[in-house]
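**Q** One structure is given below, represented as structure tokens, and several questions about it will come after.
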Amino acid sequence: MELERVFSDAELAELNAALARTARAPYEAGTVHPLTGRITGLCGMRYTGTNRTRQEQRVYRCSGKTGRQPGEGKCTCSQIGAASLEGKVWTEVCRLLEDPARLTAIAADWADMIRSSGVDHEARIADLERQIAGQDVAIAATVMAAAKEQGGVAAAIQKALGPLKEERASLEHLLAEARDWQKAARSAARGAHDLQTLAAVARERLHDMRPEEQAEVLDLMDVRVTLLGEVPRRVRKDDEIAAWFRDRRRDVPVITDDTWALVEPVFPSHWRGRPTRPARPLFEAILYKATHGCPWRALPGKYGPWGTVVSTWRRWSQCEVWDQAMERLAGVPAVPLPDGGVCLPPLRVEGKLDPRLLISTHAPPSTGLSNDHIVGLTYVP
């Protein structure tokens, strides 16, 4: 039976084009989002990894966008570029695991916790085993006596077994605890050596790990990321300050009291016969704009009026004060411009450290104390 066509060829082509624009890309088995479920947004909901089909990018999107209850409003959390966020979190993890002094200090803390208990675990275990053996003898004697007796006497003996069995169960529990503490004490005694080995191995392996391997490490450390502020707008690639650094292939210097001492003499204290504003907050405001790509009007208020920052940047760039300052700051610690114009919000990274995390390619053995040692790493631009 031949039916009349509903759509013309032109309409079908237009419909297929519209479907192609909204269709999801086929799932790729190799796609990994290691931070899925580990990121908490400002709304309190978790972020999950997904792929943006049209842009062919991996991103993390807040689950609050879907609405928690029917009729409930959605959150306003912005999505975050996966590559930039994963790179930042992994950098913080590597920074911890590559710091021998910090790892050794953690090991020393564990060892101190064990030593402070002042318990001879071997003697404690031997004593508990002797007590359990004595309880077994008492229980066996009571059972034998009950077998020979009849009537009320036997019932009384059976009743006497209750406390004996309860006491034995309590001793078994104490013995299990003592053995756990003994295992933890031996583990802590090896802690410093293990962590130094970990630091050496980390320098060789961490930066070459595949995303799947990174996901395993993040899982072992139970890494959690908490967003502390709004996701900044994308950096505008035509921003004149960012362009200055990009054209010269330079990173943006980090200003500390030491680095400021290097550059402070460059800035004039007077302009056209009048005293100028303190230079440091103005200089830091310009660097903030380079790393965040925000409009002038969006500069944080702590830097002063944004109009003053604009006029100062133009004056410094025209009279070569800016170039002289940057020349003095060559070689100081610096941060790169956001990759691809993507900026990260301030965030906190926390995890639990197992000292045998990377010492073996096999699953690390569980240790009594390592799972309780919280390691905090915070990134606040």
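The values are calculated or read from the model by the stated rules, or taken from the named source; none is laboratory data. Since we're looking at a predicted model, the values are computed, not measured. All Cβ positions, glycine included, derive from the backbone under ideal geometry; neighbour counts span all protein chains shown.
**Q** Could you grab the pairs with beta carbons closer than 7 Å, sequence gap of 6+ or different chains, first residue in segment 208-236 and closer than 21 Å to E350 by Cβ and at pLDDT below 85, second one acidic (D, E) and part of a loop (DSSP other than H, G, I, E, B)?
**A** Hits for this filter: L220/D354.
**Q** I'd like to verify a number: residues in segment 264-323 that are of a type in the set (V, I, T), buried (at least 18 other Cβ atoms within 10 Å of the Cβ) and over 19 Å from E240 (Cα atoms), how many?
**A** Counting residues in segment 264-323 that are of a type in the set (V, I, T), buried (at least 18 other Cβ atoms within 10 Å of the Cβ) and over 19 Å from E240 (Cα atoms) gives 1.
**Q** Keeping to segment 245-262, report how many residues are under 16 Å from H292 (Cα atoms) and in contact (Cβ under 8 Å) with a residue 40 or more places away in the chain. Break it down into steps so the answer makes sense when it comes.
**A** Taking segment 245-262 first, the residues under 16 Å from H292 (Cα atoms) are 245-246, 250-255.
Okay, now just the ones that are also in contact (Cβ under 8 Å) with a residue 40 or more places away in the chain, so 245-246, 250-254.
Selection size over segment 245-262: 7.
**Q** Suppose we filter segment 26-35 for residues that are surrounded by fewer than 16 Cβ atoms within 10 Å (Cβ to Cβ) and modelled with pLDDT of 55 or more; how many remain?
**A** In the first step, residues of segment 26-35 are kept if they are surrounded by fewer than 16 Cβ atoms within 10 Å (Cβ to Cβ); the result is 26-31.
Narrowing further to those that are modelled with pLDDT of 55 or more: 31.
Residues in segment 26-35 being surrounded by fewer than 16 Cβ atoms within 10 Å (Cβ to Cβ) and modelled with pLDDT of 55 or more: 1 in total.
**Q** A further question follows. Looking only at residues in segment 274-298 that are closer than 17 Å to D239 by Cα and in a loop (DSSP other than H, G, I, E, B), which one is modelled with the lowest pLDDT?
**A** Within segment 274-298, the first condition is being closer than 17 Å to D239 by Cα, and the residues that meet it are 283-298.
From what's left, in a loop (DSSP other than H, G, I, E, B): 293-295.
On the way: G293: 73, C294: 78, P295: 82.
Here the residue is G293.
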